[in-house]
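The values are calculated or read from the model by the stated rules, or taken from the named source; none is laboratory data. Quick caveat: nothing in here was measured; it's all calculated off a predicted structure. We place every Cβ from the backbone using ideal geometry, glycine too, and count neighbours over all the protein chains shown. Quick note on the areas: whole protein, heavy atoms, side chains included, nothing else; ligands and nucleic acids left out. Shrake-Rupley method; radii C 1.70, N 1.55, O 1.52, S 1.80 Å.
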Amino acid sequence: MKTMIPWMLALIICSAGVFITSCSEKGDKTAEEEQQRQSPEEAVAQTEKDAAPPEENAAQPEEDIAQVNEQDQPTQHSQLLEVYDVHGSKATARLTVDGKVIFTTTAHLGKNGIGKRREGDGKTPIGTMHVLKAFGVKPNPGTTMPYINVTPNIFACDENCKYYNQIIDVAQVHHKCKGEDMSHIAPGYNYGLATDFNQDCVWPRGSNIFIHCKGRNNFTNGCIALDEERMVELLKTCDLSLVITVSE
């Protein structure tokens, strides 16, 4: 009996060693299989992640910061007519071309100020507009923009119809227009620019928002009016890339 005890202890110790070795090999095999299931990129990323020390409040990547800063920068326009400092129907208008101020002058706006909502509210739209074409009762003063010579057949349609918010030649479209007979609006329409406000021509969002000459009143029905000499300068200086902004 005494001679069997050492032999049994040796057997138990040997068995335990085999079991531990087997578990270790199994664990190593499982980890190896897990790595094989990962793509090479994932494996490298996981290795770097495991090796790197934990970081708190990591800095934002420079590329992302640059993108955010670019989005925060105001858009630059080579030709810009800014209308600002609004007081009722009066405002300041400044024309800049390639960053150079061409003129700063007074402007007349809608009789009810700014913030246009619908047709006939007597307000000038707030925001950004672009130019579609030029027009005038007087001949083209030298602009490169498409120019409509305003004759007795030229009307600015403000009716609820397919010609809404368009300058039309009633002789060509055969429409008995009840809108503005533009040839009779002088000196206001001696020179003008048609903008893209409500370009989809949705009734009654508002129509025929022009930049034109000042008339006999110190207000408009929603347009922006400048002195005639400034309108001529605007037409000669700018092209269809001109951007108009209206703000308080």
Revision key, fill the gap. Restricting the stretch 157-212 to residues that are over 29 Å from Glu229 (Cβ atoms) and acidic (Asp, Glu), the one nearest to the chain's Cα centre (by Cα) turns out to be Asp200
Review point. Has the stretch 162-182 got any residue that is touching a helix residue (DSSP H, G or I) at 6+ places or on another chain (Cβ under 6 Å), among the hydroxyl-bearing types (Ser, Thr, Tyr) and within 30 Å of Leu80 (Cβ to Cβ)?
Key: no
Revision key, fill the gap. In the stretch 146-160, anything touching a helix residue (DSSP H, G or I) at 6+ places or on another chain (Cβ under 7 Å), open to solvent by 10 Å² or more (accessible area, probe 1.4 Å) and closer than 16 Å to His212 by Cβ is listed as Val150, Ile154, Phe155
Study note, to complete from the structure: Restricting the stretch 106-144 to residues that are polar (S, T, N, Q), open to solvent by 50 Å² or more (accessible area, probe 1.4 Å) and under 19 Å from Leu242 (Cβ atoms), the one nearest to the chain's Cα centre (by Cα) turns out to be Thr128
Check your understanding: Got at least one residue in the stretch 203-219 being open to solvent by 40 Å² or more (accessible area, probe 1.4 Å), aromatic (Phe, Trp, Tyr) and in contact with a strand residue (DSSP E or B) (Cβ under 9 Å, 6 or more places away or on another chain)?
Key -> yes
